[in-house]
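Input: a single structure, listed below in structure tokens.
The values are calculated or read from the model by the stated rules, or taken from the named source; none is laboratory data. Small disclaimer: the values here were computed from a predicted structure and weren't measured. Positions of Cβ are backbone-derived with ideal geometry, glycine not excepted, and every protein chain shown enters the neighbour counts.
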């Protein structure tokens, strides 16, 4: 591994309290796009999911921990045997302690970045585990699928993300929700489905976007679905639409949604030039202070863009259920306009303490703005200010790798768990530009643990 970062551009960040970092994926492959979740009924149970294998995309994999993330074991039976590729994975626990794995399955893509053109069979699926991720149901449930690739009106379903309502005060506790992008030949739209029976059946997908996005996986499309469930069961769903983050809400457990409107104007979500990385986006996340009695708890939006020249991470808060938002706060604490990129952020709000956490890839310590470390930022004042901590053991050169389209973060009662992709490069690889198709260096999935129990 090349360690060329940590040039003395500024004083080093303090280490994450109680930090540990471990690799959970096999070695020697191309892994990316992890998700991670904590069981609210048994917080020592952690599930991390990721995609990959011998190619940029491959199997959908789950690993589980029963000791608070101190070690993980790979679960069997999560990759569908009748599909070539299963990826774009995410995971969630419900209020009963069941774990879920959501993924996209397909055999081939259509035209590059124009997936609906020439797409083959594809679909969105969900698997359930009733024992904390150790074993999984034999049969995945399809939310929407084109099983032959020859159906009339064939589209391409993409970027699914699963969320759950675990609040004891919610009328809809236990509901599961999945949103995703459907690529059509002439537009992109945001679809949504819900389950009220532990993921065994799902509602017919409905379109919740009203403004058609462009049909190409690039700026101008819709993308980056996110959802937060308030303590009273109200749902707040977001996505990127052009240079805006749009917001819609549901007050009936996801049966119907309000007309989506612009919450915030932001920079373009796709970044064409981030050195050494094959692809980078700044899709947003939404989270809520879901502590008991906080039915009007703060809502938070987090994203990244390059309004300052280099890429920075931002957060905004709403105290009135998304009707108005604060001015964006810059989460990364390096000097403004220093030419260092921070990207692929993910946000989580601790449901017990209300603390806001954001993790992101960080290049502030490398004078050449190439080597990457993982930074964890924490706010205890409602997102008005953040303390930045270094979470990585060492910096890594991305080596032209596909790091995925996201990282993921979960927090529960002062314990924070992050999942991200790291490239494994040699000195020879580090000097090369990104290879064709963005395959680049081999990668691993890393899980970081943090403990803020003794930090005020």
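Among the residues of the range 199-217, those identified as surrounded by 16 or more Cβ atoms within 10 Å (Cβ to Cβ) and touching a residue at least 60 places away in the same chain (Cβ under 8 Å) are 199, 202, 205, 215, 216, 217. Among the criteria (1) within 30 Å of residue 44 (Cβ to Cβ); (2) in a strand (DSSP E or B), the one residue 157 does not fulfil is (1). Per the conditions (1) surrounded by fewer than 20 Cβ atoms within 10 Å (Cβ to Cβ); (2) at positive phi, the sole criterion not satisfied by residue 243 is (2). Give the residues of the range 69-87 that are surrounded by fewer than 18 Cβ atoms within 10 Å (Cβ to Cβ) and modelled with pLDDT of 95 or more, sorted by residue number. Residues satisfying the conditions are 70, 71, 73, 74. Filtering the range 309-334 to residues that are surrounded by fewer than 20 Cβ atoms within 10 Å (Cβ to Cβ), touching a strand residue (DSSP E or B) at 6+ places or on another chain (Cβ under 8 Å), over 24 Å from residue 258 (Cβ atoms) and without any contact (Cβ under 8 Å) to a residue 40 or more places away in the chain leaves 327, 330. For the range 234-281, the strands (runs of 3 or more DSSP E) that sit wholly inside it and include 1 or more residues that are closer than 30 Å to residue 422 by Cβ are 235-241, 244-250. Annotation: residue 274 fulfils all but one of (1) in contact with a strand residue (DSSP E or B) (Cβ under 6 Å, 6 or more places away or on another chain); (2) modelled with pLDDT of 95 or more; (3) closer than 18 Å to residue 374 by Cα; the unmet one is (2). Does residue 220 satisfy being part of a loop (DSSP other than H, G, I, E, B) and surrounded by fewer than 22 Cβ atoms within 10 Å (Cβ to Cβ)? Against the criterion (part of a loop (DSSP other than H, G, I, E, B) and surrounded by fewer than 22 Cβ atoms within 10 Å (Cβ to Cβ)), residue 220 qualifies. Selection of first residues in the range 5-19 that are on the phi > 0 side of the Ramachandran plot and at pLDDT 50 or above and of second residues that are in a loop (DSSP other than H, G, I, E, B) and surrounded by fewer than 16 Cβ atoms within 10 Å (Cβ to Cβ), restricted to Cβ pairs under 8 Å at least 6 apart or on distinct chains, gives the following pairs, ordered by first then second residue: 18/453. Applying the criterion of being free of Cβ contacts under 8 Å to residues at least 60 places away in the same chain and more than 18 Å from the chain's Cα centre (by Cα) to the residues of the range 151-181, the residue that is surrounded by the fewest Cβ atoms within 10 Å (Cβ to Cβ) is 152. Just to be sure, is residue 356 surrounded by fewer than 24 Cβ atoms within 10 Å (Cβ to Cβ), more than 17 Å from residue 13 (Cβ to Cβ) and at pLDDT 95 or above? No. For the range 407-440, residues that are touching a strand residue (DSSP E or B) at 6+ places or on another chain (Cβ under 6 Å) and either closer than 29 Å to residue 225 by Cβ or modelled with pLDDT of 95 or more (or both) total 15.
Only residues that are touching a strand residue (DSSP E or B) at 6+ places or on another chain (Cβ under 8 Å) and farther than 22 Å from residue 59 by Cβ were counted across the range 115-171, and they come to 11.
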